[in-house]
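First comes the structure, then the notes that go with it.
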Amino acid sequence: MSQEEDYSGNLGKICPSCMIANADNTKNCMMCDKDLLETVLFLEDEFFDIEITSKELIEYRKNYYRTRRTGKVKHFKLDKMKNINFGTPIKRFSFEYDGKKEVYPLRDENFILLKELIKG
Ligand SMILES: [Zn+2]
């Protein structure tokens, strides 16, 4: 049995793009074909989900009731993000992009994960 045919793994890998659960060893999402290996970090938060790849930060905006996504997706190139800041005591991640300030309030656990990844 080849790697591609082995679907016996646990469905523990959530596709950041379409939120379908894939087997842990899946390379491309079985629903939308997204390359799942490019995802470095995926955070589910209150108002948005955030995916970090080696090149981009991707924001998947959620609706007012936080129940599902609006379909609005923003891409930020990591090497164009400036003045990255992790605010305290309120856990807010912010940066400047194309002269505009972007601010993301984050859950404590997501704030810590993102800070560790970006600050290295
Ligand atoms: Zn997908």
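What follows is calculated from the coordinates using simple rules that are stated; it is not laboratory data. Just so it is clear, the structure is predicted and the values come from calculations on it, not from any experiment. For neighbour counting, all protein chains shown are included, and Cβ atoms are generated from backbone atoms with ideal geometry for every residue, glycine included.
Sort 63-74, 14-25 by packing, meaning the average of other beta carbons within 10 Å per residue, with the highest value first.
Details: 63-74: 10.4, 14-25: 16.9.
Top of the packing list down: 14-25, 63-74.
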Worksheet item: So for the pair residue 30, residue 83, with labels modelled 7 Å out along Cα→Cβ, what separation do we get in nm?
Response: 4.6 nm
Discussion item. I want the antiparallel fraction of DSSP beta bridges within the chain, as a percent rounded to 5.
Written reply: 100 percent
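Where does each of 46-56, 88-98, 26-36 land if you order them by average Cβ count within 10 Å, highest first? Mind dumping the intermediate values first?
On the way: 46-56: 16.9, 88-98: 13.3, 26-36: 15.0.
In descending order of packing, they fall as 46-56, 26-36, 88-98.
Over all distinct Cα pairs, what is the inverse of the mean 1/r for region 77-120, reported as the Kirkwood hydrodynamic radius in Å? Write out the running numbers ahead of the final one.
Numbers: mean 1/r = 0.0933 Å⁻¹.
Mean inverse Cα-Cα distance, inverted, gives 10.7 Å.
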Worksheet entry | With Cα atoms, 0 to 90° folded angle of helix 108-119 axis to the chain main axis | 90 degrees
Fill in: Among 26, 118, 97 the positive-end extreme of the charge dipole of the chain (Cβ point charges)
97
Fill in: Extension reserve of the residue 44-residue 10 stretch, reckoned as 0.36 nm per residue once the Cα distance is removed
10.3 nm
Response to the item:
Per residue convex hull volume, Cα only, the chain, in Å³ is 123 Å³
Worksheet entry | Mean residue ellipticity (222 nm) of the chain, computed from DSSP H runs ≥ 4 via -39,500 (n - 2.57), nearest 500 | -3000 deg cm²/dmol
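Relative to the Cα centre, what is the charge dipole magnitude of region 35-119, using +1 at the beta carbon of each Lys and Arg, -1 at the beta carbon of each Asp and Glu, and rounding to the nearest 20 debye?
Numbers: 18 positive and 16 negative charges, 82 e Å.
The dipole magnitude comes to about 400 debye.
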